[in-house]
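The values are calculated or read from the model by the stated rules, or taken from the named source; none is laboratory data. Keep in mind it's a predicted model, so treat the numbers as computed, not measured. Please note: Cβ atoms are built from the backbone with ideal geometry, for glycine as well, and neighbour counts cover all protein chains shown.
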Amino acid sequence: MNLNLKEIPRLESITKEAFIKHYFKPQKPVVIERFIEDWPAYSKWNFDYIKSVAGEKIVPLYDDRPVDYKEGFNEPHAKMKMSDYIDLLQTKPTKYRIFLWNILKEVPELQADYEYPDFGLKLMKRLPMLFFGGKDSYTFMHYDIDLANIFHFHFEGQKQIILFDQDQTKYLYKIPYSLITREDIDFSNPNLEAWPALQKAEGYITSLKHGEVLYMPEGYWHYMRYITPGFSMSLRAIARNPKNLSRAISNIFVMRHFDNLMRRMKGQKWIDWKNEKAVVRTQAVYKNL
Ligand SMILES: O=C(O)CCC(=O)C(=O)O
Ligand SMILES: [Fe+2]
């Protein structure tokens, strides 16, 4: 048995009006295949180019180890020179990923290669983020702390993406006081006997190629697996739905700090309690269906 996933619709191009009407307003994901062909990034952005502009930079790396109470929110697991990291990506599978690497802060010259597209939404110009990953590495199922609308542009190779709307959260074994699901669920091949509620969840799937852009609606859950080594850029627009906006504010100003405080006070016990709670809550929903 498999997850219940629909292919994300794909278009070659789209006008701002059509985007707003058919995707932003109803909050539905879409892939636009040929949106950035006139950006310099479309022909320039590959590993050699990144090496030439940022090869000397030291980059923070993340692997797939479970959350450790001794670590703060989003703390890196290793560091490496960008040129060494790209050599590693190109020569063998690696779990190491770069996550949320701010272009403005790290490699501002890359800004010359892309534009802030007009989809009818106000994009946050201070937060253009890059993500890198090796063959078979993945970014765990999560949603972003600010529940933003995200435009995710992919470069080099291929990336598999699974999405769920927030209305599916009850089936996803979400960890309380966090933005993730149980880390022992393999969303690319889930064990549905161990995680039966996942059978009820309805989501989306696609595989992004170089130059394609995916629109992820506000607060959508996303799981990303690098089928081949590659990298992506995310641009974001603030959540418009007042409910999402107030959750964003409470995540940023309350949840995150509360979670850090509990880690410091209770240590691994806190992590274990949250992991257990994720199962108990989701199983209760599943049993009552
Ligand atoms: O590409 C990735 O590894 C993760 C991307 C992501 O989480 C995001 O764009 O919000
Ligand atoms: Fe994300």
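Per the conditions (1) under 22 Å from THR206 (Cα atoms); (2) surrounded by 14 or more Cβ atoms within 10 Å (Cβ to Cβ); (3) free of Cβ contacts under 8 Å to residues at least 40 places away in the same chain, the sole criterion not satisfied by TYR49 is (1).
A count restricted to the range 116-135 and to residues that are surrounded by 13 or more Cβ atoms within 10 Å (Cβ to Cβ) and farther than 20 Å from PRO76 by Cβ stands at 8. Regarding LYS159, is this residue among the basic types (Lys, Arg) and without any contact (Cβ under 8 Å) to a residue 24 or more places away in the chain? For LYS159, the condition - among the basic types (Lys, Arg) and without any contact (Cβ under 8 Å) to a residue 24 or more places away in the chain - is not met.
Helices (runs of 4 or more DSSP H) fully within the range 1-115 that include at least 1 residues being touching a Phe, Trp or Tyr at 6+ places or on another chain (Cβ under 8 Å) and either more than 16 Å from ligand 1 (Cβ to nearest atom) or closer than 19 Å to TYR215 by Cα (or both): 16-19, 40-44, 82-91.
Being touching a residue at least 40 places away in the same chain (Cβ under 8 Å) and either under 20 Å from GLY157 (Cβ atoms) or touching a Leu at 6+ places or on another chain (Cβ under 9 Å) (or both) narrows it down to one residue among GLU37, GLU109; which is it? None of the other options fit; the residue is GLU37. Looking across the range 213-246 at every residue that is within 12 Å of ASP146 (Cβ to Cβ) and not in a loop (DSSP other than H, G, I, E, B), the one that is nearest to the chain's Cα centre (by Cα) is identified as SER234.
Screening the candidates SER246, SER188, SER207, SER178 for the property of being within 15 Å of ligand 1 (Cβ to nearest atom), more than 25 Å from PRO117 (Cα to Cα) and free of Cβ contacts under 8 Å to residues at least 60 places away in the same chain yields one hit, SER188. If you filter the range 136-179 down to residues that are over 14 Å from the mean Cα position of the chain (by Cα) and within 22 Å of VAL107 (Cβ to Cβ), you find that the one that is surrounded by the fewest Cβ atoms within 10 Å (Cβ to Cβ) is GLY157. Scanning the range 125-158 for residues that are within 15 Å of ligand 2 (Cβ to nearest atom), over 16 Å from TYR62 (Cβ atoms) and assigned to a strand (DSSP E or B) yields ASN149, ILE150, PHE151, HIS152, PHE153, HIS154.
Quick check: is even one residue across the range 198-206 part of a helix (DSSP H, G or I), out of contact with any helix residue (DSSP H, G or I) (no Cβ under 6 Å at 6 or more places or on another chain), at pLDDT 95 or above and surrounded by fewer than 19 Cβ atoms within 10 Å (Cβ to Cβ)? Yes, the range 198-206 contains a residue that is part of a helix (DSSP H, G or I), out of contact with any helix residue (DSSP H, G or I) (no Cβ under 6 Å at 6 or more places or on another chain), at pLDDT 95 or above and surrounded by fewer than 19 Cβ atoms within 10 Å (Cβ to Cβ). Selection over the range 220-238 of residues that are over 22 Å from SER188 (Cβ atoms) and in contact with a Lys or Arg (Cβ under 8 Å, 6 or more places away or on another chain) gives a count of 2. Limited to the range 202-237, what total is found for residues that are away from ligand 2 (no atom under 13 Å from the Cβ) and of a type in the set (Asp, Glu)? Count: 2. Residue check: THR94 meets all listed conditions (1) free of Cβ contacts under 8 Å to residues at least 12 places away in the same chain; (2) surrounded by 18 or more Cβ atoms within 10 Å (Cβ to Cβ) but one, namely (1). Against the condition more than 29 Å from GLU75 (Cβ to Cβ), loosely packed, with under 15 Cβ neighbours inside 10 Å and at pLDDT 95 or above, how does GLU193 come out, does it pass? The answer is yes for GLU193.
Looking across the range 31-60, the residues that are among the charged types (D, E, K, R) and more than 21 Å from ILE98 (Cβ to Cβ) come down to GLU33, ARG34, GLU37, ASP38.
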